[in-house]
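Only one structure is covered here, and it is reproduced in the block below.
The values are calculated or read from the model by the stated rules, or taken from the named source; none is laboratory data. The shown structure was predicted, so the numbers you read here are calculated from the model rather than taken from an experiment. So basically every Cβ, Gly included, is an ideal-geometry build from the backbone, and we count neighbours across all protein chains shown.
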């Protein structure tokens, strides 16, 4: 995958993270077939496209949780998850903690 293709795909993911980011849309952005994108992306980034999108969503949710301005249900939607339970499952898988335990640990450490 060329640097410009990868940049276009990752920029698209960031811009539309709260939307339905499909492999077909990303393939169109890169100008390749979906199967070709799947192989090229994993080769270039080291993780499958879907896992990369989930990781970016978890990171966005983590950032929003740290701000403490929105309820978890709203954070889930703004980070691109279908619902709060989906966000919690993905955060536990990627970070090893649930949103509630993450917020609690940040509060206990005095960090904001």
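A few comments on the model shown:
- When the stretch 65-87 is filtered for residues that are touching a residue at least 12 places away in the same chain (Cβ under 8 Å) and closer than 17 Å to residue 18 by Cβ, the ones remaining, listed by number, are 65, 72, 75, 76, 77, 78, 79, 80, 81, 84, 87.
- Filtering 76, 100, 27 for residues that are crowded, with 17+ Cβ neighbours inside 10 Å and not assigned by TED's automatic domain parsing to the domain that holds residue 7 leaves a single hit, 76.
- Residue 44, sole failed condition from (1) free of Cβ contacts under 8 Å to residues at least 60 places away in the same chain; (2) more than 14 Å from residue 9 (Cα to Cα): (2)
- Check on residue 14, within 16 Å of residue 100 (Cα to Cα) and either modelled with pLDDT of 95 or more or outside any helix (DSSP H, G or I) (or both): no
- Residue count for the stretch 5-24 satisfying the condition of being in contact with a helix residue (DSSP H, G or I) (Cβ under 8 Å, 6 or more places away or on another chain) and more than 24 Å from residue 64 (Cβ to Cβ): 5.
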